[in-house]
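The values are calculated or read from the model by the stated rules, or taken from the named source; none is laboratory data. Remember, predicted model here, so these are calculated numbers, not experimental data. All Cβ positions, even for glycine, are placed from backbone atoms using ideal geometry, and neighbour counts span all protein chains on display. Please note that ligands, DNA and RNA were not included when accessible areas were found on the heavy atoms of the full protein model with its side chains. Shrake-Rupley method; radii C 1.70, N 1.55, O 1.52, S 1.80 Å.
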Amino acid sequence: MLNGIRSDSFLVEGRQEDAEEFLGCLLNGLNDEMLELMKLVKSDLAVNKFKDKSNEQESDKEWQVMGPKNKGSITRQIDFVKTPISNIFGGFLKSRIHRTGDHSTYNIQPFFTLQLNIEKVKTVREALEALVTKNQLEGVTSEKTNEEVEAWQQVTLEELPIILILHLKCFDFKLDGCTKIVKALEFPIDLKIDSSKIKATELVSVINLDLFSELLSSKPITPKEKQYKLFAVVYHDGKEATKGHYITDAFHVGYSSWIRYDDATVKPVQEDYVLKPQGTRVPYLLFYRRSDTIRSK
């Protein structure tokens, strides 16, 4: 399988790779392979099933939506055929650009991993709130007057995946090189993305995280689709960004406990050590599963 998904970026045998980049390569490779297999299916059933969505990738969809007070907005969406991979790991982000006096423009794009900046935050909650913060834009001109106007951009979650992968960007890339951000970052076992403005509450081993309404778009999402549970964490261990070691903790349903995978060493680990890594070990990838897809005992 690994040989089949190798690209020009992963040709050097034995070379260390970034875990998030390799995960992206794996998911995109599997997704592309499934798309090719789906194209080989010639039955009328398969053609009809994907017909509406397979005008794919030829052009982006664009339409105008009338909002409150008959104010229009332009929405563009990159369309693609869904596969079992995208059905499990794929979500959608909506980016809004607002210019004073003009229509708002919306762009909807898919994602496999949700990128979160952690440099100025202490918790995943704060990182998610920073993701949806309105950012002022400079040098933006009006389509009507061609003069510079006030403008801002904001990102929201349009559609949540079954498996939500949070990429905590602990590597800081600058013109003079890349450094690693070594800091304690709080992340929850139970993650609730809610539209209600309820502050986070912490229990002994459970943290409920309720984000502000700005995180979710106006698209209806059922309560069960907002509940997630952590089932795996990938850590980067080491002071430098250019080298280090990856360790994974995963929750084993059969044992009802956490298991640590460190190369050939596999051993149980207490939940407290999962949530509070020590030294230069920092969480890099957080894997959450939607709670309504987890079987209850």
Exercise for the section: Could you identify the single residue in Ile259, Ile247 that is at negative phi, touching a Phe, Trp or Tyr at 6+ places or on another chain (Cβ under 6 Å) and of a type in the set (Val, Ile, Thr)? Expected result: Ile247
Exercise for the section: Look through region 218-245, keep the residues that are small (Gly, Ala, Ser) and open to solvent by less than 20 Å² (accessible area, probe 1.4 Å), and return whichever of them is modelled with the highest pLDDT. Expected result: Ala232
Practice task
Please indicate, with yes or no, whether at least one residue in region 112-124 is in contact (Cβ under 8 Å) with a residue 60 or more places away in the chain, over 24 Å from Val81 (Cβ atoms) and part of a strand (DSSP E or B).
Solution key: yes
Handout entry: Odd one out for Phe111 among (1) out of contact with any helix residue (DSSP H, G or I) (no Cβ under 8 Å at 6 or more places or on another chain); (2) under 20 Å from Val274 (Cβ atoms); (3) at pLDDT 90 or above
Key = (2)
Exercise for the section: Out of the residues in region 160-180 that are assigned to a loop (DSSP other than H, G, I, E, B) and modelled with pLDDT of 85 or more, state the one that is nearest to Thr105 (Cα to Cα). Expected result: Leu160
Completion exercise
Out of (1) over 22 Å from Ala19 (Cα atoms); (2) open to solvent by less than 20 Å² (accessible area, probe 1.4 Å); (3) part of a loop (DSSP other than H, G, I, E, B), the one Leu157 does not meet is (3)
Exercise for the section: Show the residue pairs that are 6+ apart or on different chains and have beta-carbon atoms under 6 Å apart, the first residue being within region 246-269 and open to solvent by 50 Å² or more (accessible area, probe 1.4 Å), the second being small (Gly, Ala, Ser). Expected result: Tyr246/Ala19; Pro268/Ser257
Practice task
Kindly indicate the residue of region 273-297 that is without any contact (Cβ under 8 Å) to a residue 12 or more places away in the chain and of a type in the set (D, E, K, R) and also farthest from Phe112 (Cα to Cα) among those meeting that condition.
Solution key: Lys297
Problem - Lone unmet requirement of (1) out of contact with any Phe, Trp or Tyr (no Cβ under 8 Å at 6 or more places or on another chain); (2) modelled with pLDDT of 85 or more; (3) not β-branched (Val, Ile, Thr); (4) not in a strand (DSSP E or B) for Lys199 - result: (2)
